[in-house]
Every structure is written in C-alpha cells, then in structure tokens.
Amino acid sequence: MVDVRTEIIISRPCREVADYAANPDNAPTWYSRIASAEWRSPRPLAPGARIAFIATFLGRTLDYTYEIEEYVPGERLVMRTLEGPFPMRTEYTWAALDASRTRMTLRNSGAPSGFSRLVAPFMAVAMRSNITGDLRRLAGILEATDPGATGPGVPDTHENRT
C-alpha cells in the first residue's frame, strides 16, 4: 500500500487556489510529470466526470483515466483511476487560513499489483518528492499572479476580477 500526503500554504484566497488546482486543464501547467489532460466526459467537473492523463513517472509513460468521485467546490476533490497496474485515489482539500492564505493538502493512495507492488516503497518516496515540487510550482504560479489579471495560466475567478 502506498499512502502519500503532502501539504502547502499558498498565499492566495482559498477559492482561487481550489478553482485553479481542481481544473484538469491546468494540471499540465503545475504537475511536472503530467504531459496532457483530456476530458472523456462532458464538462463540468462533477461526480462521474472522466479525465484522461498522460504522464511520466520513474522513466515510464503512463496513460490513465481518473473518474471524479466527489467534488465540493472550494473544499474537496476526490478522484480514482479506472485502470492500470497501480490503481490510485487522489484527494485534494483546501482550507482558508485567513482571507489571503490557503492550506492545500494532496493525498495519493493506492495498492499496486504485480511488479509495482515490489517497488511500492520506492514509489512512495519518489511520489512525495514529485508532489512536493508540484505543490511548490502551483504556489509559485498562483502567488505570482496579478490579482486583476486574466489570461492563459491565470485563474479566472470572481474573487480576482476588478
């Protein structure tokens, strides 16, 4: 079993962080190992929605689809892979620390099978390292954003419009 939990404090309002991080279209921007995200079901993000990702991990290309299990905008997103040698459950939670700071927690858990089961302890270490870097990248993107700006890579939420 692999269970990796990481968190970061991001100096942006909770809703802005949650809206940006929960949007699968933004995943290739802040996840270093995700090359693409493609909707396999109609939008919006809601339970039952499916998104296909292409990623690299430990030198391998992975093609997998997540299905959304739970989505509470601004609070929680839970998704699970539908196939592959390493079934994974990913959970994001967001909590406002105050009006301009958010605690984001990202948890990945799963029970690898076959060969993946043998390397699970190494996978957990690599996952923690990658996810920590990804959360730092996310914070950098959001904290560098001009609150009044819009455009590619900039969260377009009601909170940051003037």
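Observations on the structure shown:
- Search result, residues across region 1-28 that are under 15 Å from GLU75 (Cβ atoms) and assigned to a helix (DSSP H, G or I): CYS14, ARG15, GLU16, VAL17, ALA18, ASP19, TYR20, ALA21, ALA22
- Looking across region 89-127, the residues that are small (Gly, Ala, Ser), part of a loop (DSSP other than H, G, I, E, B) and at pLDDT below 75 come down to SER113, GLY114.
- The set of residues in region 75-95 that are out of contact with any Ser or Thr (no Cβ under 6 Å at 6 or more places or on another chain) and farther than 15 Å from PRO24 by Cα comprises GLU75, GLU83, GLY84, ALA95.
- Screening ILE10 on (1) crowded, with 18+ Cβ neighbours inside 10 Å; (2) over 16 Å from ARG107 (Cα atoms); (3) in contact (Cβ under 8 Å) with a residue 40 or more places away in the chain; (4) touching a Pro at 6+ places or on another chain (Cβ under 8 Å) shows it passes everything except condition (4).
- Test for ASP19: is it under 26 Å from THR145 (Cα atoms), modelled with pLDDT of 95 or more and surrounded by 13 or more Cβ atoms within 10 Å (Cβ to Cβ): yes
- Considering region 45-63, the residues that are more than 14 Å from the chain's Cα centre (by Cα) and at pLDDT below 95 include one that is surrounded by the fewest Cβ atoms within 10 Å (Cβ to Cβ), namely GLY59.
- Scanning region 50-65 for residues that are touching a Ser or Thr at 6+ places or on another chain (Cβ under 6 Å) and either of a type in the set (Ser, Thr, Tyr) or under 24 Å from CYS14 (Cα atoms) (or both) yields one hit, TYR64.
The values are calculated or read from the model by the stated rules, or taken from the named source; none is laboratory data. If you're wondering where the values come from, they're calculated on a predicted model, not measured in any experiment. Using ideal geometry, Cβ is built from the backbone for each residue, glycine included, and neighbour counts are taken over all protein chains shown.
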